[in-house]
Amino acid sequence: MFSDGGDGTGGARVGVRIGDSVLDLARALGDEVFGEPSLNAFMAQGPARWAEVRARITDLLTAEQHRGPAAATLRPLSAVRLHLPFTAGDYVDFFGNEYHAANAGRIFRPGGEPLTPNWKHLPIGYHGRSGTIVPSGTPVTRPCGQRRGTGGPTFGPSRLLDFEAEVGFVVGVGSSGPVPVRDFAEHVFGVFLLNDWSSRDLQAWESQPLGPFLAKSFATSVSPWVVPLQALEPARVSPPPRDPEPLPYLADAGPWGLDLTLEVRLNGQLVARPPFAATYWTAAQMLAHMTVNGASTRTGDLFASGTVSGPERDQRGCLLELSWGGAEPLTLPDGSVRSFLEDGDEVTISATAPASDGTRIGFGEVTGQIRPAAHP
Ligand code: MN
């Protein structure tokens, strides 16, 4: 979504990113649905319509007779303001990457089994807070809260603030009951980047026994661009081998791993290149699992992969893993050292995926800068 600048979301409408320009889709196609302030109305129209619009945009950009009129609706990216691409419904965050889950297990439960007994049988997730989903570029205020102390809990600004590099999926066509793995592409419209900001000290104290609460609900940043699933056919790969095979309702139906390469920058310096193809549970399995109990979904519901990590140290998608819980601080190229985020730090996550013509599809980026805590 983009608007002509200024404050607020007035005039926000659907744009397609073409290099360093934005194609004004409502004008280019003469279709009111793209003049809406979110993608929701279009996403609800379903996969046949998504495919038709994709074909029309391709035609617009390649056919000789259309290029001129299309060019007239292009706006330079530098001249527009970007917004949340969809009106967020319910939000679920998963924990579907084995490298991340095992590393977190080793850090939090040294000496124990890295993975919990359920981990390879179901994609573990929790319901996040959709009202605090913010677009890329929104500053993130360091959260305050309770953390463990030697003489009882203490209260104050989080000391162990982290990012989590994740891949998000948005539902276009809702569902009234279970969505089988094979029906994934009938419901999910597209893919985007997400930073699940996390306070490790708040999380460690509050998550006994329930999952993340205030440690993550203060802000979740998403990229302004959604890449349609239909554009990611060339990126589809088989997920890691299943060991053991999951229950039948979670059995793979086609290769729904996605060969996305993420890049995480801290203050402009590359700190990790997490490979999304290494993620154990696919988004199709995640959607099947989160609806198998009969829970319905709506247009705009989103779910995220969980932190994306790979087997190498420079493939880890959060500081918890990169600094091994603070035991092995990370030295950045400029010589600065980090175990967790400091005020003023800026985190930027970007990604690319293979395209059909041998080039790479860009996902744009999701970025956010840490502001000092607001003392209550
Ligand atoms: Mn997460």
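The ranking of I133, I361 by Cβ neighbour count inside 10 Å, starting from the fewest, reads I361, I133. With kT/(6 pi eta Rh) evaluated at 10 °C and eta = 1.306 mPa s, and Rh the Kirkwood radius from Cα pairs, the chain diffuses with a coefficient of 74 µm²/s according to Stokes-Einstein. Quote the FRET efficiency, to the nearest 0.05, computed for A102 versus Q65 with a Förster distance R0 of 45 Å and r equal to the Cβ-Cβ distance. Given R0 = 45 Å and the Cβ-Cβ separation, E is 0.20. Structure remark: mean-square fluctuation, Gaussian network model of the chain, C-alpha springs under 10 Å; the largest value among R54, R17, R265 belongs to R54.
Counted by neighbouring Cβ atoms within 10 Å, the residues E312, E36 run from fewest to most as E312, E36. Going from the fewest other Cβ atoms within 10 Å to the most, the residues M290, M1 appear in the order M290, M1. Each 10 Å bin, from zero up to the one with the longest distance, holds this percent of the alpha carbon pairs of the range 1-133: 11, 29, 23, 17, 15, 5, 0. Summing charges over all other residues whose Cβ lies under 10 Å from the Cβ of T348, with Lys and Arg as +1 and Asp and Glu as -1, gives -2. Computed extension length for D314-A355: 12.3 nm, one decimal, from 0.36 nm per residue of separation with the Cα-Cα distance subtracted.
Just the C-alpha atoms of the range 215-328: what Rg/Rh do they give, with Rh taken as the Kirkwood radius? Ratio of gyration radius to Kirkwood radius for the range 215-328: 0.98. Relative contact order of the chain, taken over Cα pairs closer than 8 Å and 6 or more residues apart, is 21 percent.
If you run the Gaussian network model on the chain, springs between alpha carbon atoms under 10 Å, then out of P153, P135, P178 the most flexible one is P153.
Each label point was placed 7 Å from the Cα along the Cα-to-Cβ direction; for Y126 and E342 their separation is 2.9 nm. What number comes out for the charge environment of G257, summing +1 per Lys or Arg and -1 per Asp or Glu over other residues with Cβ under 14 Å away? Here the count lands on -2.
Any read-out appearing in this document is the output of simple, stated calculations on the displayed coordinates, not a laboratory observation. Bear in mind the structure is a predicted one, so any value in this text is a computation, not a measurement. Methodologically, a virtual Cβ is constructed for each residue, glycine included, from the backbone with ideal geometry; neighbour enumeration extends over all protein chains shown.
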